[in-house]
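Asks: Can you read through this structure? Questions will come right after.
The values are calculated or read from the model by the stated rules, or taken from the named source; none is laboratory data. From a predicted model like this one, the values you see are computed outputs, not experimental measurements. Note that we place each Cβ from the backbone using ideal geometry, even for glycine, and neighbour counts take in every protein chain shown. With ligands, DNA and RNA removed, areas are computed over all heavy atoms of the protein, side chains included. Shrake-Rupley method; radii C 1.70, N 1.55, O 1.52, S 1.80 Å.
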Amino acid sequence: MKQKEAFVALILLCLLLSISSISAFWPFTATGKVTDDFNIASNILLSSEKSFNGVSQFSTIASGNLAPVPKRALTVAGWFKTDVYKTGANEITGSWVSKRDSYILDAETDGSVKFWVFLSDAWVAVSSSPNRNPLNQWEHWAGTWDGQTLSLYRGGILEASVPASGTLGTSGDICVGHDCGLPAPYNNRYFQGSMKDVRIYADALS
């Protein structure tokens, strides 16, 4: 009887540890897969907090380092704190994560957040309402694409979704804190603020 109680206690401990480790990073009540054949191993682009000056600072990650590379589904998510909204001709005030031509998660000049995917040689975007990304405040944002729908979440709550089907582009390296590889006047999409726990999944988290 004591062995059975010890075994049950061990199982409960393991469950509590797994739940706490998920909730420490993600404000979702659950995570999951859209289909059984997709992989939900995460690629951690940035673990600890890092600040960006909005002028020249960014990080580049070779797309070949991703395992697996998102092709049929995608989640890009993390914690972001925006210091300023840049003004000018660009609607992107600061790119959080960018991979051309594949996907972009960014802050916009009107205080909204957008998630873009490059499907069958065309960009498709889903956007929050304006002023949903408050300045100087940590917010968890996640963009997902499950092969049919593009969705954007704030703090684990759905902000918006749009139909989006096609073949996801896979070219280009990943830039964190900048939208790299663009000519003027689109080459100033540097993010000013901080990020932490930025991750990419080759699947759409539920």
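Asks: For the range 51-102, give the percent of accessible area contributed by carbon and sulfur heavy atoms, probe 1.4 Å, rounded to a whole number.
Replies: Details: 1130 of 2170 Å².
It is 52 percent, rounded to a whole number.
Asks: Further, regarding this structure: With labels modelled as points extended 7 Å from the Cα through the Cβ direction, what inter-label distance (nm, one decimal) is found for residue 47 paired with residue 148?
Replies: In this crude label model, residue 47 to residue 148 measures out at 3.7 nm.
Asks: Still on this structure: By how many nm would the segment from residue 186 to residue 122 lengthen if fully extended, with 0.36 nm per residue of separation less the alpha-carbon distance?
Replies: Contour length minus Cα-Cα distance gives 21.3 nm.
Asks: Now for a separate question. With each label point set 7 Å from Cα along the Cα-Cβ vector, what nm distance links residue 165 and residue 131?
Replies: With each label placed 7 Å out from Cα toward Cβ, I get 3.8 nm.
Asks: My understanding is that a pair violates if its Cα-Cα distance is over 18 Å; which of 50/114; 71/196; 50/196 do that in this structure? Let's see the in-between values first.
Replies: Details: 50/114 21 Å; 71/196 24 Å; 50/196 6 Å.
Over 18 Å apart, Cα to Cα: 50/114; 71/196.
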